[in-house]
Amino acid sequence: LERILKLITVDYKIAQEAVKNGWTFLSFHAAWARQAMPMCVPLQPCVAFIEDIDSVTHGNRDELNGILNAISSVENKHSTEIILVVSTNFIERIDPALQRPGRIDSIITLGLPSPVTVSNIITHYGGPLLNIDDRGRWAEVCEELSHTTPAIICEVVTRGKIAALAEKRQFNTLDLIQ
């Protein structure tokens, strides 16, 4: 589970794995699914990663139908080698029409990240600007953020980086708790 969470959290790792094995990797937000899905056909074999599918299909029948049609048209091509991976933070918002076999064949539920995974996410998104100046507070921050989604952790890191850059100083542990 820890390995899967890291792969889903960091798109480029999935892409590296796909490319290493001779597959094309496309990653796009759900708002672009209708336009992007047909691009998978000439790029086969292809992994298509649609992020936040619920953001455009929840309550929007026209958008849902457009995505369903795009997926169906790609799936109806002869001998397709396309793997479709979708993400959501709200599985209950995914319409049953999208969950039927041939569209979404498997649902893998990932729990919230462990403190170790939170540390990896913060380190990844914090990049070279991050200075872990207080190990005690670092463990506390990682524990606190382990009760949230990777998207929220990314938002916390982004806001901390912006605050540090605005003050022309290094991004540190305190920026994550303010």
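Please work out whether the range 114-178 counts as rounded, prolate or oblate from its C-alpha gyration tensor, where a ≥ b ≥ c are the square roots of the eigenvalues and a/c under 1.5 means rounded, while otherwise a/b larger than b/c means prolate and anything else oblate?
prolate
So what is the calculated 222 nm ellipticity per residue for the chain, using -39500 (n - 2.57) for each DSSP H run with n of 4 or more, over all residues, to the nearest 500 deg cm²/dmol?
Counting only the DSSP helices, I get -13500 deg cm²/dmol.
Please identify the helices of the chain, taking whole runs of DSSP H, that span at least 20 Å along their own axis as judged from the Cα atoms and have a mean Kyte-Doolittle score of -1.0 or higher.
Within the chain the helices that satisfy the rule are 61-75, 150-166.
Using the heavy atoms of the protein chains alone and a 1.4 angstrom probe, what is the accessible area of the range 29-93 per residue in square angstrom?
I get 55 Å² per residue for this part.
With a/c under 1.5 counting as rounded, go ahead and sort the range 42-178 into rounded, prolate or oblate using the C-alpha gyration tensor (a ≥ b ≥ c being the square roots of the eigenvalues; past the cut-off, prolate if a/b is larger than b/c, else oblate).
prolate
From the square roots a ≥ b ≥ c of the eigenvalues of the alpha-carbon gyration tensor of the range 105-147, which class results: rounded (a/c under 1.5), prolate (a/b over b/c), or oblate?
Oblate.
Any chance you could list the semi-axes, whole Å, largest first, of the equivalent ellipsoid that the Cα gyration tensor gives for the range 62-127, using √(5λ)?
Each semi-axis is √(5λ); the values are 31, 15, 12 Å.
Under unit Cβ charges (Lys, Arg +1; Asp, Glu -1), what dipole magnitude, rounded to 20 debye, does the range 32-87 have relative to its Cα centre?
With only Lys, Arg, Asp and Glu charged at Cβ, the dipole is about 200 debye.
What Cys residues in the chain are without a partner cysteine, judged by a Cβ distance under 4.7 Å?
By the Cβ distance rule, which asks for a partner under 4.7 Å, the isolated cysteines are Cys142, Cys154.
When the accessible area of the chain is split by element with a 1.4 Å probe, what percent falls to carbon and sulfur?
The nonpolar share, carbon plus sulfur, comes to 55 percent.
Once phi is turned into θ = phi - 60°, what whole-Hz ³J(HN,Hα) does the Karplus curve with 6.51, -1.76 and 1.60 give for every residue of the range 44-57, x standing for Gly and Pro?
4, x, 9, 9, 10, 10, 9, 8, 6, 4, 5, 5, 10, 9
Sort 129-135, 83-89 by packing, meaning the average of other beta carbons within 10 Å per residue, with the highest value first. Don't skip to the answer; put the middle values down first.
Working: 129-135: 14.4, 83-89: 17.3.
Averaged packing, sorted descending, gives the order 83-89, 129-135.
The values are calculated or read from the model by the stated rules, or taken from the named source; none is laboratory data. All figures in this text were calculated on a predicted structure; none of them were measured in a lab. Backbone-built Cβ (ideal geometry, glycine too); neighbour counts: all protein chains shown. For accessibility, only protein heavy atoms count, side chains too; no ligands or nucleic acids. Shrake-Rupley method; radii C 1.70, N 1.55, O 1.52, S 1.80 Å.
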